[in-house]
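See structure below.
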Amino acid sequence: MSHEGSLEAQVVARILRRASELELSDSEGDSDRGIAEASLIEAAEEVGMSVTAVRSSIALERLGPLPAPRIGDRIVGPSSVYAEGEIDAGARDALVLVDQWLVNGHHLRRDILRPDHGEWSK
């Protein structure tokens, strides 16, 4: 790693994480310190990070940790569902992509697939 020039994104992430940890330990009891979302996005863009990735990370941070799994989840599904990505497609095209993902990737059986509705089972 050179002391001059640019830093790789992974190095920047480690530096920011470490600096944040150091700042927290230095400012014990000073919980009001923070950074504006727009400033964070601007700083990330300046160091070459994807703005889309930063916005997604902010959204995931706001959602908080995933809920603990419960016994009934296997039968009726979890009470909360979170989206971790977006598909740049219309509803019909997105449903076709979801169908491919469920059938090919998760080995589910397609029961019904219409332009506006789909059902799958094991």
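The values are calculated or read from the model by the stated rules, or taken from the named source; none is laboratory data. Just so we're clear, the structure is a prediction, and the values are computed from it rather than from any experiment. Because the Cβ atoms are built from the backbone with ideal geometry, glycine has one as well, and the counts that use them run over all protein chains shown.
The criterion of at least 2 residues that are under 30 Å from Ser121 (Cβ atoms), modelled with pLDDT of 80 or more and out of contact with any helix residue (DSSP H, G or I) (no Cβ under 7 Å at 6 or more places or on another chain) is met, among helices (runs of 4 or more DSSP H) falling completely within region 1-95, by 73-76.
Taking the conditions (1) loosely packed, with under 10 Cβ neighbours inside 10 Å; (2) small (Gly, Ala, Ser); (3) in contact with a strand residue (DSSP E or B) (Cβ under 7 Å, 6 or more places away or on another chain) in turn, Gly118 satisfies each one other than (1).
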